[in-house]
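Participant: Let me begin by handing over the structure; questions about it come next.
The values are calculated or read from the model by the stated rules, or taken from the named source; none is laboratory data. Just so it is clear, the structure is predicted and the values come from calculations on it, not from any experiment. In this analysis, Cβ positions are derived from the backbone assuming ideal geometry, glycine residues included, and neighbour counts consider all displayed protein chains.
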Amino acid sequence: MEKGSAMENLEHGHSQKEIRDRLAQAPSQNYLRDWIYGGIDGVVTTFAIVSGVVGGQLSSLVILILGFANLLADGFSMAASNYLGTKSEVDQFQRYKTIEEKHIAFIPEGEKNEIKQIFQNKGLHGQTLDQVVEEITANRALWIKTMLQEEYGLPATLRFPLKSALYTFSAFLLFGIIPLIPYVLVMSNSFIWSCFFTAITFFVIGSIKSHWSTKSWLYSGFETLIIGTVTASLSYGIGLFLHYFLT
């Protein structure tokens, strides 16, 4: 009974058709890192400004001005940095691909020996090893792909730099504006509401993140909440300290 229940909870099926259909699909680019990165940083930096301004006992108008200025400027800065970082990964991939294409063209036997050593280190020997080497090196595209992954440790798929930047920027804006909502709506006890909204946002982002990890949604939610709370508390404390130190 337990085995049957566990089988039902597997992530995908293992019939011949299911395996064939799944492997026939090209690996998709995963932009979760960009989304989480932008979302968490958006909430943290915006709420840090709110906390710092409140700790410094400045007005709500200052919170709105600094908050929205940060939202746009820092969001764009993060997106631009992520674009350049992702583009560097793509450029690196293309560079190594060009190198391998040249080596295969001019010194094929040397590259063939590299393939042999790679799979020898994986435990293949004798006729099986020779057959694997022949099959891989008979297909130029597969040969290059294998070298890129095995020799340089490069991923099978690459993210598009522009998409990475857009995911980061949109997540930064979407979640970063949440700590400012109580001040935009001129709610009473705005800072308390901002703390509440921010805490919920931290927890939600962490819970969503758990779908791509082995941690439970509850653990991941509280983990993100604690990290965000520590950051915000430091900002509030610095603002409070500077207020009493400078006035």
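Participant: Let me confirm something: among ILE200, ILE208, ILE144, ILE227, which residue is under 26 Å from PHE68 (Cα atoms) and at pLDDT 90 or above?
Facilitator: ILE200
Participant: List the residue pairs whose Cβ atoms are under 6 Å apart, where the first residue sits in segment 167-194 and is touching a residue at least 40 places away in the same chain (Cβ under 8 Å) and surrounded by fewer than 22 Cβ atoms within 10 Å (Cβ to Cβ), the second is part of a helix (DSSP H, G or I) and aromatic (Phe, Trp, Tyr), and the two are 6 or more positions apart or on different chains.
Facilitator: Every condition considered, the pairs that remain are ILE178/PHE197; SER190/TYR183.
Participant: When both residues are 6+ apart or on different chains and their Cβ atoms are under 6 Å apart, which pairs have a first residue that lies in segment 99-115 and is assigned to a helix (DSSP H, G or I), and a second that is charged (D, E, K, R)?
Facilitator: These pairs meet every condition: HIS103/GLU111; ILE104/GLU111.
Participant: So, in segment 118-136, exactly how many residues are exposed (fewer than 11 other Cβ atoms within 10 Å of the Cβ), of a type in the set (S, T, N, Q) and either under 22 Å from GLY153 (Cβ atoms) or modelled with pLDDT of 95 or more (or both)?
Facilitator: Of the residues in that region, 1 qualify.
Participant: Specify the residue that is surrounded by the most Cβ atoms within 10 Å (Cβ to Cβ); the eligible residues are those in segment 207-240 that are among the aromatic types (Phe, Trp, Tyr) and in contact (Cβ under 8 Å) with a residue 40 or more places away in the chain.
Facilitator: TYR236
Participant: Sticking with this one: Taking segment 195-206 on its own, how many of its residues are more than 15 Å from VAL53 (Cβ to Cβ) and touching a residue at least 40 places away in the same chain (Cβ under 8 Å)?
Facilitator: 3
Participant: Filter segment 92-116 down to residues that are hydrophobic (A, V, I, L, M, F, W, C) and closer than 16 Å to ILE136 by Cβ, then give me how many there are.
Facilitator: Residues that pass the stated criteria total 2.
Participant: Would you check if THR198 is within 20 Å of the chain's Cα centre (by Cα) and of a type outside the set (Phe, Trp, Tyr)?
Facilitator: no
Participant: Out of the residues in segment 120-175 that are of a type in the set (Lys, Arg) and part of a loop (DSSP other than H, G, I, E, B), which is nearest to VAL44 (Cα to Cα)?
Facilitator: Filtering segment 120-175 down to residues of a type in the set (Lys, Arg) leaves 122, 140, 145, 159, 163.
Next, from what is left, pick out any that are part of a loop (DSSP other than H, G, I, E, B): 122, 159.
Numbers: LYS122: 44, ARG159: 25 Å.
Filtering first and then ranking leaves ARG159.
Participant: Moving on. Residues being among the hydroxyl-bearing types (Ser, Thr, Tyr) and closer than 13 Å to PRO179 by Cβ: count how many of those fall in segment 189-228.
Facilitator: Adding up the residues that qualify gives 4.
Participant: Please go through (1) in contact (Cβ under 8 Å) with a residue 60 or more places away in the chain; (2) among the aromatic types (Phe, Trp, Tyr); (3) surrounded by 16 or more Cβ atoms within 10 Å (Cβ to Cβ) for PHE160 and return the number of the only condition it doesn't satisfy.
Facilitator: (3)
Participant: While we're on this one: Search segment 46-63 for residues being of a type in the set (S, T, N, Q) and surrounded by fewer than 14 Cβ atoms within 10 Å (Cβ to Cβ), and hand back the single one that is modelled with the lowest pLDDT.
Facilitator: The qualifying residue modelled with the lowest pLDDT is GLN57.
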